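The values are calculated or read from the model by the stated rules, or taken from the named source; none is laboratory data. Quick caveat: nothing in here was measured; it's all calculated off a predicted structure. Backbone-built Cβ (ideal geometry, glycine too); neighbour counts: all protein chains shown.
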Amino acid sequence: METRKDLIEFIKRRSFLKSDEPVFRLSSGRMSNVYFDLRRTTLSPEGQYLIGNLYMDKLEELDLSPKGIGGLTMGADPIATSVAYCSYLRGKPVEAFVIRKEPKAHGMGLQIEGNVKEGDDVVIIDDVVTTGGSTIKAIEIAKKEGLNIIAVIVLLDRCEQNGRENIEGLGYSFHPILTVKDLG
């Protein structure tokens, strides 16, 4: 539990922005007076340590053993790599993968980069969920590529605009590491 508490405090210090007026445009287009710039956390050494361990704890809690973990670039990328690193240290390796918004225009033309293939069990991740739009796009691409999605785990659920419900409505179990309520 100490790791969770440490991550909450770290996010509050580094990634939580608040204004009296709704000045932050969310990816949904909606304006908000609260914004989580989570890359300030997910790209930091301490943030990666905390996040990697909490995601591994969540996988163990849910009794999941995926081949890979990843999501839509760029929010999911540092989370996936921190989990992969932590998983190796724990002796339970999980491959990181990245889902491009569009297939690569050169080389092999891949839309999913990493060591996962059709039929592999994977967990889709994201940094923040509001409407669930980017997470759902990652789910759709992973399904199209034949990956078997066994769960969705997000770092922070804003608990608004039906993000959780939109993802669960597609038939996937949804598990946040934190919710906006955890941040007070």
Name the single residue, out of those in segment 166-184 being assigned to a helix (DSSP H, G or I) and surrounded by 14 or more Cβ atoms within 10 Å (Cβ to Cβ), that is modelled with the lowest pLDDT. Leu183
Name the single residue, out of those in segment 108-160 being touching a residue at least 40 places away in the same chain (Cβ under 8 Å) and assigned to a helix (DSSP H, G or I), that is nearest to the chain's Cα centre (by Cα). Thr135
Any chance segment 106-115 includes a residue that's touching a Leu at 6+ places or on another chain (Cβ under 6 Å) and either on the phi < 0 side of the Ramachandran plot or of a type in the set (A, V, I, L, M, F, W, C) (or both)? no
If I filter segment 91-98 for residues that are surrounded by 14 or more Cβ atoms within 10 Å (Cβ to Cβ), at pLDDT below 95 and within 25 Å of Asn166 (Cα to Cα), do I get at least one hit? no
Within segment 112-120, is even one residue of a type in the set (S, T, N, Q), within 24 Å of Leu43 (Cβ to Cβ) and touching a strand residue (DSSP E or B) at 6+ places or on another chain (Cβ under 7 Å)? yes
Does Arg90 meet the test of being out of contact with any strand residue (DSSP E or B) (no Cβ under 8 Å at 6 or more places or on another chain), within 24 Å of Leu43 (Cα to Cα) and either in contact (Cβ under 8 Å) with a residue 24 or more places away in the chain or not hydroxyl-bearing (Ser, Thr, Tyr) (or both)? yes
